[in-house]
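The next block holds one structure in the form of structure tokens; read it before the comments.
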Amino acid sequence: MKLQTTQINGQTFHLHPLCGAYWEEQRILLIADLHLGKVTHFRTRGLPAPLGVTDANWDKLMSLVLDFEPARVIFLGDLFHSHYNEEWEGLCELMQGFQHIQFELVKGNHDILAEELYLSSGLILHEEPLLLDGFALSHHPLDSWSDTHYNLAGHVHPGVWLQGRGHQRLRLPCFFFGAHQGLLPAFGQFTGLGIVQTGQGDRVFVIAEDSVQEVA
């Protein structure tokens, strides 16, 4: 897999094609919008949902943790899609298998499980934004800018359209970094995309198969 490394607010971030960003100086793995439990939530209600997505999400999460060996994993909201189902137990087992790593959640709009479930799992909860060494970590993109903290957020599930020489168009997920705010791609595979509008000076890194590539 081909990663991209970029500087944001004087810090080093490694952007992984599995939709995680590793903050090198802090040894923190940032992941947004897992929406675990979404497939089970849909299927138990008789709604169509693709098989295999749950296993793919577990494989991706394990791969990122093993690749980066972070000290902390911070989920930027929408960790679990809705009400409790058995996929929550799978997440708890995964976290218990990495007891040397601190798992944390900046709560998003879908994070509606009973607080006892979060706490009994060992997950540390934060209200947004979590301020950390010049960064404001949130689920929802913050509406107001700060002169001292760069905002990293999820929620949008950012993507862009790319056009080829033959005028074919391809929609791809991306990491987006503006002057004051960055957006992480949705980690979950059953989540959709929200097309972002880019301006002068913005940096966009698309995820294309097994690589992250910066585009103009």
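The values are calculated or read from the model by the stated rules, or taken from the named source; none is laboratory data. As the structure is a computational prediction, the values presented were derived from the model and not from experiment. Neighbour counts run over all protein chains shown; Cβ positions are idealised from the backbone, glycine included. For accessibility, only protein heavy atoms count, side chains too; no ligands or nucleic acids. Shrake-Rupley method; radii C 1.70, N 1.55, O 1.52, S 1.80 Å.
Select from the range 52-72 the residues that are open to solvent by 40 Å² or more (accessible area, probe 1.4 Å) and on the phi < 0 side of the Ramachandran plot and write down the one among them that is modelled with the highest pLDDT.
Step by step, filter the range 52-72, then rank; the result is Arg72.
How many of the residues in the range 124-176 are of a type in the set (S, T, N, Q), open to solvent by 60 Å² or more (accessible area, probe 1.4 Å) and under 19 Å from the mean Cα position of the chain (by Cα)?
0
Matching residues to (1) within 15 Å of Ile8 (Cβ to Cβ); (2) out of contact with any helix residue (DSSP H, G or I) (no Cβ under 8 Å at 6 or more places or on another chain); (3) in contact (Cβ under 8 Å) with a residue 12 or more places away in the chain:
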| site | (1), (2), (3) |
| --- | --- |
| Ser146 | yes, yes, yes |
| His155 | no, yes, yes |
| Trp161 | no, yes, yes |
| Gln181 | yes, yes, yes |
| Leu184 | yes, yes, yes |
| Gly188 | no, no, yes |
| Gly194 | no, yes, yes |
| Thr198 | no, yes, yes |
| Ser211 | no, yes, yes |
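Considering every residue within the range 107-123, establish whether at least one is part of a loop (DSSP other than H, G, I, E, B), within 16 Å of the chain's Cα centre (by Cα), surrounded by fewer than 18 Cβ atoms within 10 Å (Cβ to Cβ) and in contact (Cβ under 8 Å) with a residue 40 or more places away in the chain.
Checked against the condition, which is being part of a loop (DSSP other than H, G, I, E, B), within 16 Å of the chain's Cα centre (by Cα), surrounded by fewer than 18 Cβ atoms within 10 Å (Cβ to Cβ) and in contact (Cβ under 8 Å) with a residue 40 or more places away in the chain, the range 107-123 yields at least one hit.
Report, ordered by the first and then the second residue, all pairs with beta carbons closer than 6 Å, sequence separation of six or more or different chains, a first member in the range 5-24 that is assigned to a loop (DSSP other than H, G, I, E, B), and a second member that is among the β-branched types (Val, Ile, Thr).
Within 6 Å, the pairs are Pro17/Ile207; Pro17/Val212; Glu24/Thr12.
If Gln213 meets every condition in (1) assigned to a loop (DSSP other than H, G, I, E, B); (2) modelled with pLDDT of 90 or more apart from one, which number is that one?
Going through (1) assigned to a loop (DSSP other than H, G, I, E, B); (2) modelled with pLDDT of 90 or more one by one, Gln213 breaks only (1).
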